[in-house]
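The values are calculated or read from the model by the stated rules, or taken from the named source; none is laboratory data. Note that the coordinates shown come from a computational prediction; the quantities given were computed from them, not determined experimentally. No Cβ is skipped: glycine too gets one built from the backbone with ideal geometry, and neighbour counts run over all protein chains shown. Just the protein is used for accessible areas: all its heavy atoms, side chains included, with ligands, DNA and RNA removed. Shrake-Rupley method; radii C 1.70, N 1.55, O 1.52, S 1.80 Å.
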Amino acid sequence: MNSDFSHFISRRGLLVATTGLAVAASMRPASSLATAVDERRIRAAPSQARFTGPDGPHTAVWAYDGIIPGPTLRLRQGQPVRIIVENELNQDTTVHWHGIRLPNAMDGVPGLTQKPIGPGTSFVYEFTPPDAGTFWYHPHANSLVQLGRGLAGALIVEEAEPVAVDRDLMWLLQDWRLSGDGQIAAGFGSPMDAAMSGRVGNVVTINGTVPADQSVKAGERVRLRLANGSLARIMALRFEGHRPVVVAIDGQPCDPHEPEGGRLLLAPAMRIDIVLDMQGGPGKRYAVIDDYYDGLAYTLTTLAYDNAPPLRAHPLDTPVGLPRNPLPEPDLSGAERQQIVLQGGMMGGGKLAGVGGMMGMAMPGMNGGAAWAINGMSMTGDGHAGMMPRFTLKRGSTCHLTMRNETAWWHPMHIHGFSMLVLSRNGSPVPYRQWQDAVLLAPKDTIECAFVADNPGDWMLHCHIVDHQMAGLMTVFRVT
Ligand code: C2O
Ligand code: CU
């Protein structure tokens, strides 16, 4: 037995004991703390980016650690992490660890789960990611502007055992509305964007740059983690000449399957992990196309094969399924039923659909008021004090949640603190067992899902087209 190992154990044991005794923090040597917890630090501040490469114009952005996107945080499943967030913006911010099931106080919603991080101050987030998978992080204060100016990063929680692929790639996709001079266009929160498809931009980047070719090798197997960090742009990706296999959705492993029509529908906040076997020939080129918006298909990037002979003669036949995460299984027999109905938005002819109920608080600094509602109530803006829960769940109970979209628009509905097992879409069971934290509803869709309310606190449930959230497609529920 290696003596370093036992030494490590005893040091850890000592640290745990010390913490357990609640000895004053000042008595704990800082160096040994650093070995006990994985400590990271990120800083939100104004910066410059070059979306079109080293020769392109500088764009003024807000960024984590000065880069777009922010640093990819690679964490380990089940290992505690401490992330110190420093705010060098001239306004309040927070960080939401999108999709991670963590304690409510670490969820990053100002006014609801924490005090905002004021300019020049910092906040310490501490949690232990229970699930391996692909997640991301972004502010939850003034989100439309802060996310829209660039504050976002990928968060990868690694499996305990590495997954057998040749390469593990992350594509954080972001959409920008740039003006002619290459700067981020003004006009965040326009009533038109708010009541229609949101602030869809005119430049799409992968990991912060307008993508050049992606060089690949014949015969290699790639795990490609796709995350849509856009404010509003929905994407539908096709990989010409390839057959992607979906292995995880929103960070949660699913039954491996090929997407319908070979098209990966990726709405804002959604993640899809695919396994791509590079079956093209050396020297060949294949387009990756986004054809979500009718008549506006474009080539996002190109898979460019190098000239090397194939890595292997036959595609791998090892299974691509990922190990399941420890999600509590919903018990549908005794479930508490809740329904949320999405209402509002622009109808044909430019009329705003009736938004009933209270108009909620006006959006600070915005012309628009509420354009949307959930069950007749418009909760507008971003996280703020005094957000009253619309329903309460008993801790440990199963919630059977029906979401009905009465509007003429698409909405990726995001739940904080939980992953939901998707049961059915418009009455038909979903074909592959999947868990999601952002469920995309087409116009008039009804979706049923379920989750175990095992995580106490006040949690947000909102549309992740950020203009929609700001203009009323947001609610809060409580688990006690
Ligand atoms: Cu990605 Cu309420 O958040
Ligand atoms: Cu929406």
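Taking the Cα centre of region 167-305 as reference, the dipole from Cβ charges on Lys and Arg (+1) and Asp and Glu (-1) amounts to some 280 debye. Accessible surface area normalised per residue over the chain is 41 Å², counting heavy atoms of protein chains with a 1.4 Å rolling probe.
Here the Karplus relation 6.51 cos²θ - 1.76 cosθ + 1.60, evaluated at θ = phi - 60°, turns the backbone of region 258-270 into coupling constants of 7, x, 4, x, x, 10, 9, 7, 10, 8, x, 5, 7 Hz, with x for every Gly and Pro. Placing unit charges on each Cβ (+1 for Lys and Arg, -1 for Asp and Glu) gives the chain a dipole about its Cα centre, and among Thr380, Pro71, Ser190 the Cα reaching farthest toward its positive end belongs to Thr380.
With a Förster radius of 35 Å applied to the beta-carbon distance between Arg76 and Ser397, the computed FRET efficiency rounds to 0.70. For Ala63, neighbours were defined as the other residues whose beta-carbon sits under 10 Å from its Cβ, and their charges (Lys and Arg +1, Asp and Glu -1) total +1. Using Cβ point charges alone (K and R +1, D and E -1), the dipole size of region 32-133 about the Cα centre works out to roughly 140 debye. I'd like the GluC sites (Glu not before Pro) in region 43-131 restricted to DSSP loop residues with at most 15 other Cβ atoms within 10 Å, sorted by number. Filter output for region 43-131: Glu88. Charge dipole of the chain (Cα centre as origin; +1 on each Lys and Arg Cβ, -1 on each Asp and Glu Cβ, all else neutral): 420 debye, rounded to the nearest 20. Each listed q (0.11 Å⁻¹) maps to a log10 I(q)/I(0) for region 211-331 from the Debye sum over equal C-alpha point scatterers, namely -0.41. Using the average count of surrounding beta-carbon atoms within 10 Å as a protection proxy, the listed peptides 199-205, 385-391, 107-113 rank, highest first, as 107-113, 199-205, 385-391. Each label point was placed 7 Å from the Cα along the Cα-to-Cβ direction; for Glu240 and Ser122 their separation is 4.8 nm.
Under a 5 Å amide H cut-off, with hydrogens placed 1.01 Å from N, His140 pairs with Thr94, Val95, His96 among residues at least 5 apart or on other chains.
Each of Pro119, Pro244, Trp171 was placed along the dipole of the chain (beta-carbon charges, centred on the mean Cα), and the one lying farthest toward the positive end is Pro119. If a/c stays under 1.5 just call it rounded; otherwise compare a/b with b/c (prolate if a/b is bigger, oblate if not). Do that for region 332-479, with a ≥ b ≥ c from the square roots of the Cα gyration tensor eigenvalues. Since a/c reaches 1.5 but b/c is at least a/b, the shape of region 332-479 is classed as oblate.
Computed over neighbours whose Cβ is under 14 Å from that of Pro46, the net charge equals -1, Lys and Arg +1, Asp and Glu -1. What shape does region 203-265 take by its C-alpha gyration tensor, where a ≥ b ≥ c are the square roots of the eigenvalues and a/c under 1.5 counts as rounded, a/b above b/c as prolate, and the rest as oblate? Taking the square roots of the gyration eigenvalues as a ≥ b ≥ c, region 203-265 is oblate. Pop out the carbon and sulfur fraction of the accessible area of the chain as a percent, whole number, probe 1.4 Å. Its accessible area is 55 percent carbon and sulfur atoms. Using the Cβ-Cβ distance between Lys115 and Glu329 with R0 = 30 Å, the FRET efficiency computed as 1/(1 + (r/R0)^6) comes to roughly 0.25. Expressed to the nearest 5 percent, the antiparallel share of DSSP beta bridges inside region 332-479 is 75 percent.
Distance between the C-alpha centres of region 415-480 and region 203-281: 22 Å, rounded to the whole angstrom. Taking a ≥ b ≥ c as the square roots of the Cα gyration tensor eigenvalues, with a/c under 1.5 meaning rounded and otherwise prolate when a/b beats b/c, else oblate, which class fits the chain? Rounded, since a/c falls under 1.5.
Can you give the % of DSSP beta bridges in the chain that are antiparallel, to the nearest 5? That works out to approximately 75 percent antiparallel. Label-to-label distance for Asp181 and Ala313 is 6.2 nm, based on points extended 7 Å past Cα in the beta-carbon direction. Taking the alpha carbon gyration tensor of region 91-150, multiplying each eigenvalue by 5 and rooting it gives semi-axes of 20, 14, 9 Å, largest first. Neighbours of Leu441 by Cβ distance under 15 Å: Lys/Arg scored +1, Asp/Glu scored -1, total -2.
The order of the peptides 447-453, 42-48, 425-431, 464-470 by mean Cβ neighbours within 10 Å, most packed first, is 464-470, 447-453, 42-48, 425-431. Of all DSSP bridge pairs formed entirely within region 392-480, close to 95 percent run antiparallel.
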